[in-house]
Amino acid sequence: MTHLATRLAAPAPGWTVHADAVVVGSGVAGLTAALELRTRVRRVLLVTKDVLSSGSTVWAQGGIAAALDPGDSPAAHLHDTLVAGAGLCDPRAVEVLVTEGPARVHELVARGAVFDTGPDGAISLTREGGHLTDRIAHAGGDATGAEISRALVAQIVAVRDDPGIEVVEHALVLDVLTGEPGPDGAPGPVRGVTLHVIGEGSRDGVGAALAPAVVLATGGIGQVFRSSTNPALATGDGIAAALRAGARLADLEFVQFHPTVLWLGSGVKGQLTLVSEAVRGEGAYLLDTDGFRFMPDEHPLAELAPRDVVAHAIVRRTAATGTDHVWLDARHLGPDFLRGRFPTIHARLLEHGIDLTTDLVPVAPAQHYHSGGVVTDLDGRASVPGLYAVGEVACTGVHGANRLASNSLLEGLVFAHRAARDVVARLEGGFLTDGDPVERPGDAALVAAAARSRVQRAATDGPGVLRSGDGLRRAVDALAAVPTDAHRRHDDGRALAAPQTAEWETTNVHQVATVLTQAALAREESRGGHARTDFPASSDDWRVRVEVALGPGGAVGVTRAPVRPA
């Protein structure tokens, strides 16, 4: 049986601060939660790993989905989301998303976000894969996330001197602190977090932020894989911290690989350039290296099929043609339209010598989004009292086996709003109270930063785009062989590594890769973002949620949980 540590190896906290709530992350979910909490609790602490504007939201090109058009409806949006989720969505969560979503988008506008509009002044709407109508609002053509981030960051900056909120930048949250365990030995309620601040003055090094509520909004897991559209900061910190604190995780095996990521060669790694689904939404084609447009034979929606369908089709096509990529052809859309609609993509491609208006663009799938995460209810509550998760780090049940395009920004908005209101209500009702943290039993872990590529190779070769039992078992063994005690001295007096940022991040990457691989090995079917070559069909027996949690001593437990019927 696989065992994982219940805490990171780190120095004892050298300083302490107190708050009513700690929000971790500065993407759309974290910023929204902090703004909603600021005027409703005495003190909120917003912690971000880099600067305020560094969240993954800024990289979102396509847009935000909501039923804003009079001819559209929340019911139609719900239908499209359930279809994309391949039978594993929680219909209650999707209903919350689609019914509350339009109001949250209008609140964004009230907070200063400027969306593209038509001649009548109404927000312009377009279509992306899996949507049966135009409902994607965008800003700056293809810079929607950047505009939303700009507006929300400006709101935070405007109140930064408010004594009710403190922003801590360049801070990596290490562990969620918990209280006295319950009768079953499970960790007790949340007591705050430990964090490492890179800076000057009294608040550098490791400290403790004590609070009865912690809202995780830490984004995705892109750096678990060798190539991803996610920024370098996306090392799965929130999922790993929640796991170590005793929280239940689910749907980890459902990883969305974006089908159209700029392909620059097999040796390229790190954050890759995304060519938004909106390009295909406007009519671009996918061609194989023989010039054949293959998607109409794969799905009725052709290039606008759900992302998993397109990604899998590309992988099969490249295997059949003996190549590493396919081509994206947008030339027929016209240079003026392409430059105006996709200025950011056009500029980024030009940096690599590719002109979207005249050239075929080489693309291949790369990790893009994680549909799984920390299991929450409809108010963002995790299974550990006082712990909340919102945005990509959470598993609300909205996405099921495959996220519908542009639902992610909306999910962050809607559920961050709900989580903040719930924190306030539970603080006022006396259900969340202060207390002293206690050390959790189990081992402390540290994986050397030098092992990062080893972990990423195992994750890419095991739970990659197409998976098999043999490949997943090899990945399990490879991950189990990675030393997790790099901080302990060897017989010759050397240590593999000391506790520091790169090592803590790599430990998180290793733990997430481990539980993701275990979940993918457990699910013996293909569904949504999880494709098994040895189990190519979906099965009604697997219309369940695969959950992962740490048991006594850090034992990794994998169980099945029912999915609410549509």
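The values are calculated or read from the model by the stated rules, or taken from the named source; none is laboratory data. In this text, all values refer to a predicted model and were calculated from it rather than measured experimentally. Counting neighbours? That spans all protein chains shown, and the Cβs are built from the backbone with ideal geometry, glycine included.
So the values come out like this:
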{"item": "Given (1) within 26 Å of residue 231 (Cβ to Cβ); (2) in contact with a Ser or Thr (Cβ under 9 Å, 6 or more places away or on another chain); (3) not β-branched (Val, Ile, Thr), index of the condition residue 353 fails", "result": "(2)"}
{"item": "Residues of region 318-334 satisfying the condition of being farther than 22 Å from residue 345 by Cα and either in contact (Cβ under 8 Å) with a residue 40 or more places away in the chain or in a helix (DSSP H, G or I) (or both)", "result": "318, 319, 320, 321"}
{"item": "Condition broken by residue 447, with the remaining ones in (1) in contact with a Pro (Cβ under 9 Å, 6 or more places away or on another chain); (2) at pLDDT below 95 satisfied", "result": "(2)"}
{"item": "Which listed residue, of 33, 86, 29, 93, is within 20 Å of the chain's Cα centre (by Cα), at positive phi and either outside any helix (DSSP H, G or I) or not polar (S, T, N, Q) (or both)", "result": "86"}
{"item": "Search result, residues across region 222-267 that are of a type in the set (A, V, I, L, M, F, W, C) and in a strand (DSSP E or B)", "result": "249, 250, 255, 257, 261, 262"}
{"item": "Verdict on residue 60 being under 21 Å from residue 115 (Cα atoms), buried (at least 19 other Cβ atoms within 10 Å of the Cβ) and either in contact with a Lys or Arg (Cβ under 6 Å, 6 or more places away or on another chain) or at pLDDT below 95 (or both)", "result": "yes"}
{"item": "In region 288-301, the residues that are crowded, with 17+ Cβ neighbours inside 10 Å and modelled with pLDDT of 95 or more", "result": "288, 294, 295"}
{"item": "From 471, 462, residue being more than 30 Å from residue 126 (Cα to Cα) and touching a residue at least 40 places away in the same chain (Cβ under 8 Å)", "result": "462"}
{"item": "Set 133, 144, 126: member being surrounded by 23 or more Cβ atoms within 10 Å (Cβ to Cβ) and of a type in the set (Val, Ile, Thr)", "result": "144"}
{"item": "Those residues of region 525-566 which are part of a loop (DSSP other than H, G, I, E, B) and either free of Cβ contacts under 8 Å to residues at least 12 places away in the same chain or farther than 20 Å from residue 311 by Cα (or both), in sequence order", "result": "536, 539, 543, 551, 563, 564, 565, 566"}
{"item": "Residues that are farther than 18 Å from residue 149 by Cα and modelled with pLDDT under 95, drawn from region 211-226", "result": "222, 223, 225, 226"}
{"item": "Output for region 216-225, where each listed residue is closer than 14 Å to residue 512 by Cα and not aromatic (Phe, Trp, Tyr)", "result": "218, 219, 220, 221, 222, 223, 224"}
{"item": "Among the candidates 374, 310, residue that is buried (at least 24 other Cβ atoms within 10 Å of the Cβ), among the aliphatic types (A, V, I, L, M) and modelled with pLDDT under 95", "result": "310"}
{"item": "Qualifying position, being farther than 16 Å from residue 410 by Cβ and either modelled with pLDDT of 95 or more or among the hydrophobic types (A, V, I, L, M, F, W, C) (or both), among 68, 46, 78, 82", "result": "46"}
{"item": "Single match in 439, 428 (criterion: more than 30 Å from residue 100 (Cβ to Cβ) and out of contact with any helix residue (DSSP H, G or I) (no Cβ under 8 Å at 6 or more places or on another chain))", "result": "439"}
{"item": "Which numbered condition residue 359 misses (of (1) touching a residue at least 40 places away in the same chain (Cβ under 8 Å); (2) assigned to a loop (DSSP other than H, G, I, E, B))", "result": "(1)"}
{"item": "Per-region count, region 168-221, residues part of a loop (DSSP other than H, G, I, E, B) and not acidic (Asp, Glu)", "result": "20"}
{"item": "Matching option when the condition is outside any strand (DSSP E or B), over 23 Å from the mean Cα position of the chain (by Cα) and touching a residue at least 60 places away in the same chain (Cβ under 8 Å), among 80, 72", "result": "72"}
{"item": "Extreme residue, modelled with the lowest pLDDT, among residues of region 393-444 that are of a type in the set (Gly, Ala, Ser), closer than 30 Å to residue 274 by Cα and part of a helix (DSSP H, G or I)", "result": "408"}
{"item": "Some residue of region 548-559 being of a type in the set (S, T, N, Q) and surrounded by fewer than 23 Cβ atoms within 10 Å (Cβ to Cβ)", "result": "yes"}
{"item": "Checklist (1) assigned to a strand (DSSP E or B); (2) more than 27 Å from residue 135 (Cβ to Cβ); (3) touching a residue at least 60 places away in the same chain (Cβ under 8 Å) applied to residue 315, failing item", "result": "(1)"}
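Let's see how each residue does on (1) crowded, with 19+ Cβ neighbours inside 10 Å; (2) farther than 17 Å from residue 416 by Cβ:
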residue	(1), (2)
17	no, yes
30	yes, no
41	yes, no
49	yes, yes
66	yes, no
91	no, yes
117	no, yes
